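Derivation of every value follows stated rules applied to the coordinates shown; laboratory data play no part. Computed from a predicted model, the values in this text were never measured in an experiment. With ideal geometry, Cβ positions are generated from the backbone for all residues, glycine too; neighbour counts draw on all protein chains shown.
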Amino acid sequence: MAQTLRLVEKCCMTYYSPCSNSTALTNSQGSGMDFDFTAYLSKLLSLPPDQITIQISHALDTPTPTPSIVLKYAPPFMATDPSQPLHVIRQYVEARALVLLDPSSESPLPVSSLLTKYPNFKIPRFIHHDTEQNVLMMTDLGSSVMTLDVWLAQEPAPQAEEVVRIAKDLGQFLAEFVLATSEPTIEVLARASNSVMLDQFYSYFVKITRTVLTSQGVPDAEVLVSRLDKAFRDSGKRESCLGMVDLWTSNILIDSNTNVCLIDWEFFGLSNASCELSLLVQSLQWILFRPDSTDGLVERTRAFTSTMLQNYALRAPHPSPHFQRHALLSYGCQIVLTLDFFKVDINDDMKRKILDAGVGYLRAAGESVDMMDLSMFDADSNTLTSYENLYERGRTIMAAIVR
């Protein structure tokens, strides 16, 4: 029987599903994707190459007509930045994560039960890992999916009740995930080892932060970068948990039934709740830099972020001083990264305000918990939860910049 394939641009994924007459491959990564899917599929499916058609697609929400599976190739570099090396072991990490988090697998982690408790949350299921060709096969999470940022920015806009419901569920799910994996044992860490990927992930952020701060002439750049680097490297030593590590809006998909789909588990393992939450919060703020940003999008993003943090607070304990300090550093780092990720979209005045905000958070962290400048959290505590308060000043600054 002939087959069909589809590759999604942002995720470097290939969707494979039964179809009527040919095998189609959509590869929109350009020079970043040199893997020969045609030859690979010809051998895998026992089809001659002339029955395999290459089809280009740039949309993440293109529906597939029938149930499908996903083929994901892992090049030895970052798809969004081919100059940045990225270890192919990440595919092994993801394959293992999909098994550990599948409640129907032979020996899942206890946290997998959250996917039963929250039936509207979905992750792919493992099918096969070709370690020689670095191709991972997994189930498809459905058609007409959008990344969270695209979903919030779409027109017509999602209903306010939908925005609140998804944000509420996401906040509670993430908090319960942290609680269920808090202070993982040696045995659990052995099953979910991610040290190589964790080092590459944090090193990449530190590298960009150093480049931005030094290029902008920040006088204490090396002090701040050293502080950030140490915090990242020590992040698993206290108040640790398991997590995605790379938790941001592009790894959260919303399908046509408003289910929440979590993808790209390439860094799964030892993590820090403060680092994960800070990255997600700032990635929500990056939505505001979209060229199609409107006042309505600003308000939806604010509502989503606030609701998510309020519901995170319902399940998580009050943030400790250690959590607060890591939030200052992680959030400050992500604000600084805005200057690199959106450098063609921001003017000099915006650049100065973003830099001041990011540097302010990094400086407020101090050299230790005892040296934190807690005035960074001076917001209206009567109306904000403890977790909202961590990010309120930065959120307000970022929202004002794009107005």
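Compute the Cα gyration tensor for region 247-316, then decide on rounded, prolate or oblate, letting a ≥ b ≥ c be the square roots of its eigenvalues: rounded whenever a/c is under 1.5, prolate when a/b is larger than b/c in the other cases, and oblate in all that remain.
prolate
Report the percentage of all Cα-Cα pairs in region 149-234 whose separation exceeds 15 Å, rounded to a whole percent.
Counting every Cα pair in region 149-234, those more than 15 Å apart make up 75 percent.
With all distinct Cα pairs included, what does the Kirkwood hydrodynamic radius of region 264-362 come out to in Å, to one decimal, could you say?
Value: 14.8 Å, from the Cα pair sum.
How charged is the neighbourhood of Q285? Take every other residue with its Cβ under 10 Å from the Cβ of Q285, and add Lys/Arg as +1 and Asp/Glu as -1.
Taking every Cβ under 10 Å from that of Q285, the sum is +2.
So if I take the centroid of the Cα atoms in region 160-180 and the same for region 69-118, what is the distance between those two points in Å?
The two parts, judged by their Cα centres, are 21 Å apart.
Roughly what percent of Cα-Cα pairs across region 222-271 reach past 13 Å?
Here the long-distance tail beyond 13 Å is 67 percent of all Cα pairs in region 222-271.
Hey, rough spin-label estimate for Q159 and N120, points 7 angstrom out along Cα→Cβ, what's it come to in nanometres?
1.1 nm
Please compute the length gained on full extension between E299 and N257, using 0.36 nm multiplied by the number of residues separating them and subtracting their Cα-Cα distance.
Working it through step by step, the gained length comes to 12.8 nm.
Between S226 and D81, what length comes free when the chain is fully extended (0.36 nm per residue of separation minus the Cα-Cα distance, one decimal in nm)?
My answer for the length gained is 49.8 nm.
What distance in nm separates the simple spin-label points at V369 and D345, each placed 7 Å from Cα in the Cβ direction?
It works out to 3.7 nm between the two label points.
Mind listing the long-range amide H neighbours of V70? Cut-off is under 5 Å, sequence gap 5 or more, other chains count too, H placed in the peptide plane at 1.01 Å from N.
Placed amide hydrogens put Y16, M138, T139, D140 under 5 Å from V70.
Among residues other than A160 whose Cβ falls under 11 Å from its Cβ, what is the net charge (Lys/Arg +1, Asp/Glu -1)?
Once positives and negatives cancel, what remains is -1.
Counting Lys and Arg as +1 and Asp and Glu as -1, what is the net charge of the other residues whose Cβ lies under 12 Å from the Cβ of L174?
-1
With a Förster radius of 30 Å, plug the Cβ-Cβ distance of D356 and D234 into 1/(1 + (r/R0)^6) and report the FRET value to the nearest 0.05.
0.65
From the square roots a ≥ b ≥ c of the eigenvalues of the alpha-carbon gyration tensor of region 110-166, which class results: rounded (a/c under 1.5), prolate (a/b over b/c), or oblate?
Oblate, since a/c reaches 1.5 and b/c is not below a/b.
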